[in-house]
Each structure stands twice: as C-alpha cells, then as structure tokens.
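Laboratory data are not the source of any read-out in this text; all were calculated from the coordinates shown. All values derive from a computational prediction rather than experimental measurement. Please note: Cβ atoms are built from the backbone with ideal geometry, for glycine as well, and neighbour counts cover all protein chains shown.
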Amino acid sequence: MDYSWLSKEIQRLEKEAAEQIRSAGRITAECKNSARDVVTEVDKNVQLQLMAGLKELVPGAEFFCEELGAQCRADDASVFIIDPIDGTMNFLRGFNHSCISVAYAENGEIKVGVIYNPYVDEMFHAVKGQGTFLNDRRLSAGDRTLSDSVVCVGTSPYYPEYWDKSFELFRKVFDAGLDIRRQGSAALDLCSAAAGRAGLYFELKLSLWDFAAGKLLVEEAGGVVCNIEGEPIVIDGRKSSVVAGTRKAVLEFLKMV
Ligand code: LIP
C-alpha cells in the first residue's frame, strides 16, 4: 500500500496545529512526574486537534500519545504515535526549538514519519521505502566517521538513574568527535541525524513518541538506528535507549559504550 497520501495529510494537519505553537501567548504549565517533566495546555490542545484530523484519515486507527492517559498497544494493527510538542521545556521557556511529531505504524512497523519544526518551517517526512525529505529536498544521513561528526546528545532528564552514564558518554563522544549539542528535542535531534547535520545522536531513555517518527526518517535517509546495546528497537510501546546516525559513527560509538 502506498502511504504517500497519508504523509501529505499528516503534514497538512501538523502545519495547521502548529498555529497553536506560533500564536501561543503567555504559556502556563503543570508538572507531570517532576519539575523537569512538564505539559502545557498547548501540548494537550495540539494533540486533540491532531487526533480529530487523523481519525478522519484512518477510521478505526488507535492512538499512542504523550498526553493521553490509557494507551493502546503501540504494535496494534493501526496506530498513530504522537508527540504533540517534542521539546516542551524549550517551548515553555522560549528556546524556539520544538516540533510536532507523528508516526503511523501497522503491527509494530512504522510506515510514515512526519516531524514539523514551525520555528524554521522545516517539514521532515518519510514513507517507508521512499526516502526522507526536508520540505521537497531529499535527505541523506551521509557517511561521516565519528571523528568528523557533531554529536547530538540527550540527557534523559526524567530519569536520574541514567545521568551519570549519560555524562560519562558525553565526554567520550566530545573527545572522539568535533563537538556535542544538547538541543532539547529528541525528535529534532533525529531529524539532524537524518539530514546529515549530526553524524550521531544518542539518549539513554526515551518514550516511543519521542523517537517513533524520527527513527523512520533516519533509516530512510540511509542512517542506522538501534538501542545502546546495538540491537534493533522493537516498536511495542516500551521506552528505549536510542542511538542513531551514520553506520560508521554508530559502530564507533557502540564500541566505546
Ligand atoms: C523530551 C525530549 C528530550 C528528552 C526529554 C523529553 P518532551 O521530549 O525531546 O530530548 O531529553 O527527556 O523526552 O517531553 O519535551 O516531549
């Protein structure tokens, strides 16, 4: 089945919903599990707007979303995986570096990934088997070695048990590569890897909605995505570590882990 039509419709819905991000005035937030883990009314309203539009596109599809309570199984027959605002803290504090991320999966296989950064009007999109695009330009992850790479890193801020290991690895990749970037949006970090801007990205614990769409973008751009053990990531709803980038950089990184 060709999912190009669905990708185009998701792009349309994300651009429409992004108006809420662009026009947000004074933003209030509530803490979820910690002061670091926040959600705003805009997150919730963007999610509601997306769900209403997506339901029309694929009747009967289920939803696995950051701001929903009860979740379906992410590997059900037909599932939209949504992060309404990835980089919520960036949004709340005005860093202008957040995005909307939607993936569509069937039986645990991601078929469509769409990530929109409204601040710079960058629409990253991929349909399985058809390549990755930034707006209308085809992307390649490239084949940089780690020593020739800028590395995006994530701090897993909601999981203190991962902080020591994360910062130990940050120093190792800083020494091995050109520099590191902590941008605050896993989905946009994966877009950076898909576009060849970053040769490597890793984060030791993420939710499925953070990486579902970006995983397809990197893979369709010729990059590789795995967990910190170097294993394939199973799309079943569980949280996971994520390592993504060029094959050379990922293999070099996994050796140092
Ligand atoms: C965030 C990610 C970020 C990660 C945070 C959080 P949110 O997503 O984009 O890279 O470090 O733990 O998952 O919560 O802003 O949608």
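Just a few scattered comments:
- Hits in segment 16-53 - residues which are surrounded by fewer than 11 Cβ atoms within 10 Å (Cβ to Cβ) and in contact (Cβ under 8 Å) with a residue 60 or more places away in the chain: ARG22, ASN33
- A count restricted to segment 148-187 and to residues that are in a helix (DSSP H, G or I) and touching a strand residue (DSSP E or B) at 6+ places or on another chain (Cβ under 8 Å) stands at 9.
- Top-ranked residue in segment 155-175 [being in contact (Cβ under 8 Å) with a residue 60 or more places away in the chain and farther than 18 Å from GLU252 by Cβ; ranked as surrounded by the fewest Cβ atoms within 10 Å (Cβ to Cβ)]: TYR158
- Meets criteria (among the small types (Gly, Ala, Ser) and within 16 Å of the ligand (Cβ to nearest atom)) for GLY113: yes
- Of the residues making up segment 176-215, those that are closer than 18 Å to GLN71 by Cβ, touching a residue at least 60 places away in the same chain (Cβ under 8 Å) and within 11 Å of the ligand (Cβ to nearest atom) are SER207, LEU208, TRP209, ASP210.
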